[in-house]
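All remarks here apply to the structure that follows.
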Amino acid sequence: MSSLTSPALIKAANDALVKIAPDMNIIKLFSYDCSDAVSDYGLKVKVPIVNGTGDTSVSDFNITSNDYEKITGTVTYAEVSLNKQPKATFEFTGNNLLEAPNAPYWNRCAEGAAEVVKASISTTIGGLLNTTAVTTTVGIASVTKASVANLRKSCATRVASTVLGLAPDEYNTLLSLLDSSVYGDSDPIRTGYISNLYGFKAVIQLNDLPDGVLGALLPDNSLAFASRAVAVGDESCYSEIGTTTDENGFTLTTLRHGSPSKGKGFLNVTCLYGATIIPSLGVKLIVANDDPYA
């Protein structure tokens, strides 16, 4: 795939990636396979799911019963379908716009593209955490320091390997209960992400959860995410086409073309990804219920 050449498009694509970064930081808590390799919609990616202790027992080296060829960990593969391709489409007039990378128009395009991608990822992840797919639940009456800390007992694996996700209202309530010295700077407020709180790998804000679901306990190998660059059948249809990739491999594809009949240009920013949940690895939904720790 050829590269972008217009300064405005290059800047807009890079700015969009920066704005998506907080969401990708949350994805990095789990198993992921992101690449700038080109793929078609609907194809599948096998994402490795690694468990270092296998049966969760840990034992020391022993030459007779636990030597360096005794398998104690497991590597399986989650099949993720690349079935999500959000896109943001803008129209513009005048070639001079492409030569002004700092113009407000292009800044708004970057913001708009980022919001589309972020909203798509959020609704996809939230939609996976429904009571049909995940049947194991744990109840809390309300969000208090005690009730959140008590969720540690319900983790299917080690607390440090578990991500606690909370719906926005519950996440906001938790923040209101904590002194800023507990969660550090303002990032948890801006990004919806607190590392190592109560010993969890992270406490995150989960948007777009189904009604009645207040959050989830997610072992860090129970969610698989994959992304690729978008395949384009005939690149000659576009005046400009290229990809922009962040340090994680997550890639945006940017396309520009003109319409002779309308005398206008069109800009598209898109990406290709998929995600799946593996309930059998210990995923538990958090629902409203009586709780002695509330």
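The values are calculated or read from the model by the stated rules, or taken from the named source; none is laboratory data. Everything quoted here is computed from the prediction, not taken from an experiment. Cβ coordinates were reconstructed from backbone atoms using ideal geometry, including for glycine residues, and neighbour counts include every protein chain displayed. Accessible surface is based on the protein model in full, side chains and every heavy atom, while ligands, DNA and RNA are left aside. Shrake-Rupley method; radii C 1.70, N 1.55, O 1.52, S 1.80 Å.
Of all DSSP beta bridges in the chain, what percent run antiparallel (nearest 5)?
Close to 75 percent.
Report the calculated FRET efficiency for residue 41 and residue 107 (r = Cβ-Cβ distance, R0 = 25 Å), to the nearest 0.05.
0.30
Out of 119, 103, 231, any idea which swings most in a Gaussian network model of the chain, alpha carbons joined below 10 Å?
Result for the chain, Cα springs under 10 Å: 103 fluctuates most.
Report, to the nearest 10°, how far helix 104-128 tilts away from the longest principal axis of the Cα atoms in the chain, using its own Cα long axis and a range of 0 to 90°.
30 degrees
Just to verify a number: FRET efficiency for residue 153 and residue 59, C-beta to C-beta distance, R0 = 22 Å, to 0.05?
0.30
In whole percent, how big is the carbon plus sulfur part of the accessible area of segment 18-79, probe 1.4 Å, protein atoms only?
Solvent-exposed carbon and sulfur of segment 18-79 make up 51 percent of the total.
Quickly work out the residue 261-to-residue 18 label distance, labels modelled 7 Å from Cα along the C-beta direction, and quote it in nm with one decimal.
3.9 nm
Kindly report the accessible area of the chain per residue (heavy atoms of protein chains, probe 1.4 Å, no ligands, DNA or RNA), in Å².
Heavy-atom accessible area per residue stands at 49 Å².
Straight distance only, please: which lysines reach the Cα of residue 264 with their own Cα at less than 23 Å, same-chain residues fewer than 8 apart left out?
11, 87
Give me the one-decimal nm value for the distance between modelled label points at residue 178 and residue 68, 7 Å along each residue's Cα-to-Cβ direction.
Each label point is offset 7 Å from its Cα along the Cβ direction, giving 4.2 nm.
If I fit a long axis through the Cα atoms of helix 168-177 and take the longest principal axis of the Cα atoms of the chain, what angle between them do I get, 0 to 90°, rounded to 10?
Result, in degrees: 60.
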